[in-house]
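Okay, so here's the structure we're looking at.
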Amino acid sequence: LIELLGAIGRGCQEDSAARVLEVLWDMAHEDQLHRSMLDHLPYCHLRVFSEGRSSYDALKRDYCLKCMTDLQRNQGWLASALKHLYELLLHNPTNTFKRSELDLISLLVNKHDVISALIQSLSTCQLHVWNKTHGHVTIEKSMDDRFTYEESAKSHLDLLSLLLKKGYLYLILKRGQELWDILITNEKASSLDHELGLNWFITCVDDFNRDSQLALFEKRVSKLDLINLSPKGTNYKSNI
């Protein structure tokens, strides 16, 4: 049924495709879906956009905003919403520059404050899994019996990186410090958080302007105890 709906959505006119997208979206939000279905429904939903018709830009924006609503609610469909928003923003079937994509990222960042929402949501997820495991956070620990904490945290960080790179944006110092404090210096930050955080800052150091890089080093990186850093963290501290 899901494959049939997806095929219909890809082959029909926009009005009918919009209805198919709505049905797939609602199905994906049903409670107690198995993980395989939770992955497959958004995949079929995304494929409806694969025709690359410019008239679908408005539909794409609408579903990006729906994902944004799920992010702000920070409830059951959070990890899926982050993954789907990432794929929608990454998706470019024509492989050409489209002004509408920059406008969409600008809308999410400037009007809906998606970057702040992502950082706050990551903090909430971290606290949730810390409390759930009584501080014994490991790579396989589950957020909701469907997604691991690692998957959820990586979804936040991957989306943040995509927004910055595809939107040609710098992360402001305040947000960078907040993210550092959550993943690196927070007393509830696990070794997994440290690893994910250092990976992100190493990969995304160019997503800060030079002044912010220097300020982040002075106010955060230089204050870390080298004894408690992994080799990767030590390299980051010496190279920034």
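Using alpha-carbon pairs under 8 Å, 6+ residues apart, how would you state the relative contact order of the chain in percent?
Values: 216 pairs, mean separation 33.0, N = 240.
Taking the mean separation of contacting Cα pairs over the length of the chain, I get 14 percent.
How high is the relative contact order of region 114-240? Use alpha-carbon pairs under 8 Å, at least six apart in sequence, and give a whole percent. Don't jump to the answer; show the numbers that get you there.
Values: 102 pairs, mean separation 28.5, N = 127.
It comes to 22 percent, rounded to a whole number.
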Check your understanding: To the nearest 20 debye, what is the magnitude of the charge dipole of region 1-112 about its Cα centre, counting +1 on the Cβ of each Lys and Arg and -1 on the Cβ of each Asp and Glu?
Key -> 320 debye
Practice item. Identify which of the listed values of Rg and Dmax of the Cα atoms in Å was calculated from the structure shown: (1) 21.9, 78; (2) 22.6, 76; (3) 19.2, 61. Key: (3)
Review point. Taking H as built 1.01 Å from N, whose amide H comes closer than 5 Å to the amide H of Ser142, not counting residues under 5 places away?
Key: Tyr149
Study note, to complete from the structure: Going residue by residue through region 157-165, the Karplus relation 6.51 cos²θ - 1.76 cosθ + 1.60 with θ = phi - 60° gives ³J(HN,Hα) values, rounded to whole Hz and with x marking Gly or Pro, of 5, 5, 5, 4, 4, 4, 4, 5, 6
Check your understanding: Got a sec to turn the phi values of region 171-188 into Karplus ³J(HN,Hα) couplings, 6.51 cos²θ - 1.76 cosθ + 1.60 with θ = phi - 60°, whole Hz, x for Gly and Pro?
Key -> 7, 5, 4, 4, 5, x, 5, 4, 5, 4, 5, 5, 8, 10, 9, 4, 5, 9
Point to revise | Positive dipole terminus of the chain, leading residue within Ser123, His34, Leu24 (C-beta point charges) | key: Ser123
**Study point:** Computed P(r) (all Cα pairs; region 1-112; 5 Å bins; percent)
**Key:** 2, 11, 24, 24, 21, 13, 5, 1
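By the gyration tensor of its Cα atoms, with a ≥ b ≥ c the square roots of the eigenvalues, what is the shape of region 149-189: rounded for a/c under 1.5, prolate for a/b over b/c, or oblate?
Details: a/c = 4.89, a/b = 1.32, b/c = 3.71.
In terms of gyration-tensor shape, oblate.
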Practice item. Pull out a ≥ b ≥ c, the square roots of the eigenvalues of the alpha-carbon gyration tensor of region 114-240, then state rounded if a/c is under 1.5, prolate if not and a/b is larger than b/c, and oblate in the remaining case. Key: oblate
Review point. Given the pairs Lys132/Lys154; Lys83/Lys223; Lys132/Lys219; Lys132/Lys166, which span a C-alpha to C-alpha distance of over 29 angstrom in this model?
Key: Lys83/Lys223; Lys132/Lys219; Lys132/Lys166
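Under the classification rounded if a/c is under 1.5, otherwise prolate if a/b is larger than b/c and oblate if not, where does region 128-198 fall, given a ≥ b ≥ c as square roots of the Cα gyration tensor eigenvalues? Kindly include the intermediate steps, with their values, before the conclusion.
On the way: a/c = 2.89, a/b = 1.59, b/c = 1.82.
The shape class here is oblate.
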Exercise for review: State, as an integer percentage, the relative contact order of region 70-151 based on alpha-carbon contacts under 8 Å between residues 6 or more apart.
Suggested key: 24 percent
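Taking the Cα centre of the chain as origin, sum charge times position over the Cβ atoms of Lys and Arg (+1) and Asp and Glu (-1), and report the length of that vector in debye to the nearest 20. Before the final figure, lay out the partial values.
Values: 28 positive and 32 negative charges, 117 e Å.
I would put it at about 560 debye.
Every number here is computed from the coordinates shown, using simple stated rules; none is lab data. Note that the coordinates shown come from a computational prediction; the quantities given were computed from them, not determined experimentally. Using ideal geometry, Cβ is built from the backbone for each residue, glycine included, and neighbour counts are taken over all protein chains shown.
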